[in-house]
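The values are calculated or read from the model by the stated rules, or taken from the named source; none is laboratory data. If you're wondering where the values come from, they're calculated on a predicted model, not measured in any experiment. FYI the Cβ positions are ideal-geometry reconstructions off the backbone, even for glycines, and counts take in every protein chain you see.
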Amino acid sequence: MTTSAEPFVLNIGPQHPSTHGVFRLRVVMDGEIIRDLDMIVGYLHRSMEKLAEERTYTQNIPFTDRADYLAAMTGNLGLAIAVERMTGVEAPDRAEYLRVIFAELQRIASHAMANGTLISDAGAWQTPLLYMFREREKILDLFEMTCGARLTTNYMRIGGVSFEPPAEFWPALQELMDEMPERTDEYASLLLDNEIFLARTRNVGIITPEDAINGSLSGPALRGSGVPWDLRKAEPYCVYDRFDFDVPVGTVGDVYDRFMVRMEEVKQSVRIIKQAVEQIPPGPHKNDIPLALRPEPGEIYSRVESPRGEIGFYLVSDGTPAPYRFHLRSPALINLTLLRELGVGSSLPDAVVTLGSIDIVLGEIDR
Amino acid sequence: MVAQALGAALPGVVTASNDEWVEVAPDRVEDALRWLHDSDQFDAAQLSNLTAVDRYDRFEVVYHLQSLDLNHQIALKAIVTDHEDPVLPSAYPVYKGALLQEREVFDLMGIRFANHPDLRRILLWEGFPGHPLRKDWMGMVGGHTSGLRGFPFENKEAPDRIMNAGNLVEHGESLSAQTRRNVEGAQPGQGH
């Protein structure tokens, strides 16, 4: 017996657990198959770029916390580095190492969140997510003991970092780094032999390397397609050129590869942090800078590798203490460029895990 | 170097250049992007960033192109002088990555991109009055212009006063020492 049905419109979100925030999908379904897909964003739009034009460069650092709120440290770092390159202010050596340590801790926390929610989307409801949260909690505790905040850290400063970590930070960090290999092996043993997980993620949402490059993808979404592009290697900032680490890439470009790239990156981040802890020199954690910085009229486009990809800051100065134009290049928004192409023709459950594997943060998409 | 090669290959495209960027004629943007994308010498495979700046009488649309193989960056600028109804060719036929970035520029800056397949507002809703990142946006009433002329907490007599000098509390203890003491007194895992 055959049945036929008219195509119908299905609305998902903005309040829906599998959209990872206030993200709305409007899909036209023909039975199980998606015929058209439209994404609707902007529910969290706070007009940061306009507000930034009324604030000094230092006052704008907290905005970067609230853009990518799952990776506040790398957002802070991106803006601090952009202004430093613009004004010629330098950070002390110890601050550069602290920046690397905190940016990599943030990467581990963010990837744990990304992979945990992806597993949740794939049907392993809640338990694996809470395994991932176990390490994330310890990292957020480290943030809290250093700068007082867990999510909106506001830690990086133009010319250094805001606080020196307290004495008990270092043993706690060491303990976490020592147990991380065991933890990542535990995830692998729980998930990677699981037939359901493999069926849901393998050969789903395939992005070819050509499409990934042409569609301006960056971060794990680009590397999952086999393109070894990482700004930490390509244009090393802070002191990344002093560490030995690899850039993991995928082979097929499917959801599974993007998941595995994040798993491998966690291991690489642990490697970087261990080297940084060994090499970190004593000294001040912050250089003195004028209360209101007035960069020379000009512009800069400066970017760093956030857990989601290339977070860029395009700043235009007119010589006043506030930027004339402040643009945040949002990797989470731009990684969604190919979502419609990937979604149309697939089934709805596949589109949901594809969206999960791109790892969006709505605070950064909407800004 | 980019300006010379681009000007030689496509006469009339380059209108100005300096060390940092190449200015191209607004109606030839797509040609310039396609040539740089296809060129072996520059290999601009990825449109890394696309945004716009309002200069009151004109708009600057900025393209940051990235070569992944050669690891270099090229900045292109197109100056649109019509401030009332700015129109520019879309970069989408060359770079799919322009899809959402051009929608964002259209939404917040009001620049239309010809040949864009799906030019709608993205962050604001249909019917929103005006384009807020424009410097003369209607929200700025009462003669207030955007920007910050002086920092309110700055001491006019000592404009070079450094940031850390004011970071002291009355009994001479720095804020970071205070934080450290608070942290030492706290039990691990507190503050959830």
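Being more than 10 Å from chain A (Cβ to nearest Cβ), hydroxyl-bearing (Ser, Thr, Tyr) and under 12 Å from the mean Cα position of the chain (by Cα) is the filter here; which residues of the stretch B:42-68 pass it? Hit for the stretch B:42-68 is B:63, nothing else. Where helices (runs of 4 or more DSSP H) fall wholly inside the stretch A:187-236, the ranges with 3 or more residues that are touching a residue at least 60 places away in the same chain (Cβ under 8 Å) are A:195-201, A:220-223. Of the residues making up the stretch A:309-329, those that are polar (S, T, N, Q) and at the interface with chain B (Cβ under 9 Å from one of its Cβ atoms) number 1. Report yes if some residue within the stretch A:111-129 is aliphatic (A, V, I, L, M), within 12 Å of chain B (Cβ to nearest Cβ), within 20 Å of the chain's Cα centre (by Cα) and crowded, with 19+ Cβ neighbours inside 10 Å; otherwise report no. No: the stretch A:111-129 contains no residue that is aliphatic (A, V, I, L, M), within 12 Å of chain B (Cβ to nearest Cβ), within 20 Å of the chain's Cα centre (by Cα) and crowded, with 19+ Cβ neighbours inside 10 Å.
Out of A:168, A:144, one residue alone is without any contact (Cβ under 8 Å) to a residue 24 or more places away in the chain and under 20 Å from the mean Cα position of the chain (by Cα). It is A:144. Scanning the stretch A:217-257 for residues being closer than 28 Å to residue A:196 by Cα, out of contact with any Pro (no Cβ under 9 Å at 6 or more places or on another chain) and of a type in the set (A, V, I, L, M) gives a total of 2.
Checking the structure you have, find out if any residue of the stretch A:205-226 is β-branched (Val, Ile, Thr), modelled with pLDDT of 90 or more and either surrounded by fewer than 21 Cβ atoms within 10 Å (Cβ to Cβ) or on the phi > 0 side of the Ramachandran plot (or both). Yes, the conditions are met somewhere in the stretch A:205-226.
The residues in the stretch A:222-266 that are of a type in the set (Lys, Arg) and in contact with a Ser or Thr (Cβ under 6 Å, 6 or more places away or on another chain) can be counted, and the count is 1. Of A:306, A:346, all but one fail to be within 16 Å of residue A:207 (Cα to Cα) and either more than 12 Å from chain B (Cβ to nearest Cβ) or among the aromatic types (Phe, Trp, Tyr) (or both); the exception is A:346.
Inside the stretch A:78-134, residues that are over 21 Å from residue A:170 (Cα atoms) and in a loop (DSSP other than H, G, I, E, B) make up a count of 9.
Does residue A:146 qualify as being among the polar types (S, T, N, Q), in a helix (DSSP H, G or I) and within 14 Å of chain B (Cβ to nearest Cβ)? When the stated conditions are applied, residue A:146 passes them. Please go through the stretch A:1-49 and pick out each residue that is part of a loop (DSSP other than H, G, I, E, B), under 25 Å from the mean Cα position of the chain (by Cα) and surrounded by fewer than 18 Cβ atoms within 10 Å (Cβ to Cβ). Hits for the stretch A:1-49 are A:14, A:43, A:46, A:47.
Candidates A:262, A:258: the one that is of a type in the set (D, E, K, R), closer than 23 Å to residue A:173 by Cβ and part of a helix (DSSP H, G or I) is A:262.
May I ask you to verify whether residue A:288 is facing chain B (nearest Cβ under 9 Å), free of Cβ contacts under 8 Å to residues at least 24 places away in the same chain and not hydroxyl-bearing (Ser, Thr, Tyr)? Spelling it out, it is not the case that residue A:288 is facing chain B (nearest Cβ under 9 Å), free of Cβ contacts under 8 Å to residues at least 24 places away in the same chain and not hydroxyl-bearing (Ser, Thr, Tyr). Would you mind listing the helices (runs of 4 or more DSSP H) fully within the stretch B:1-109 where at least 3 residues are out of contact with any strand residue (DSSP E or B) (no Cβ under 7 Å at 6 or more places or on another chain) and surrounded by 19 or more Cβ atoms within 10 Å (Cβ to Cβ)? In the stretch B:1-109, B:98-109 are the helices (runs of 4 or more DSSP H) which contain 3 or more residues that are out of contact with any strand residue (DSSP E or B) (no Cβ under 7 Å at 6 or more places or on another chain) and surrounded by 19 or more Cβ atoms within 10 Å (Cβ to Cβ).
Restricting A:84, A:135, A:104 to those that are within 22 Å of residue A:248 (Cα to Cα) and at pLDDT 90 or above reduces the list to A:104.
Among the residues making up the stretch B:79-125, those that are of a type in the set (Ser, Thr, Tyr) and either in contact (Cβ under 8 Å) with a residue 60 or more places away in the chain or under 25 Å from residue A:367 (Cα atoms) (or both) are B:90, B:92, B:95.
Among the numbered conditions (1) without any contact (Cβ under 8 Å) to a residue 12 or more places away in the chain; (2) closer than 26 Å to residue A:14 by Cα, tell me where residue A:59 comes up short. (2) is the only condition that residue A:59 fails.
Matching residues to (1) touching an Asp or Glu at 6+ places or on another chain (Cβ under 8 Å); (2) within 14 Å of chain B (Cβ to nearest Cβ):
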residue	(1), (2)
A:162	no, yes
A:169	no, yes
A:175	no, yes
A:179	no, no
A:190	no, no
A:195	no, no
A:204	yes, no
A:210	no, yes
A:213	no, yes
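Scanning the stretch A:242-282 for residues that are of a type in the set (Asp, Glu) and surrounded by 17 or more Cβ atoms within 10 Å (Cβ to Cβ) turns up A:254, A:257, A:264, A:265.
The single condition among (1) more than 8 Å from every other protein chain (Cβ to nearest Cβ); (2) part of a loop (DSSP other than H, G, I, E, B); (3) within 19 Å of residue A:217 (Cβ to Cβ) that residue B:122 does not satisfy is (1). If you filter the stretch A:149-160 down to residues that are modelled with pLDDT under 90 and not in a loop (DSSP other than H, G, I, E, B), you find that the one that is farthest from the other protein chains (Cβ to nearest Cβ) is A:160.
Residues in the stretch A:54-68 that are out of contact with any Lys or Arg (no Cβ under 6 Å at 6 or more places or on another chain) and surrounded by 20 or more Cβ atoms within 10 Å (Cβ to Cβ): A:56, A:57, A:58, A:60, A:61, A:63, A:64, A:65, A:68. Here the condition is being within 9 Å of chain A (Cβ to nearest Cβ) and at pLDDT 90 or above; of B:88, B:133, B:148, B:100, it holds for B:100 alone. For the stretch A:91-103, check the following and say yes or no: at least one residue is within 14 Å of chain B (Cβ to nearest Cβ), under 25 Å from the mean Cα position of the chain (by Cα) and either over 27 Å from residue A:242 (Cα atoms) or among the β-branched types (Val, Ile, Thr) (or both). No: the stretch A:91-103 contains no residue that is within 14 Å of chain B (Cβ to nearest Cβ), under 25 Å from the mean Cα position of the chain (by Cα) and either over 27 Å from residue A:242 (Cα atoms) or among the β-branched types (Val, Ile, Thr) (or both).
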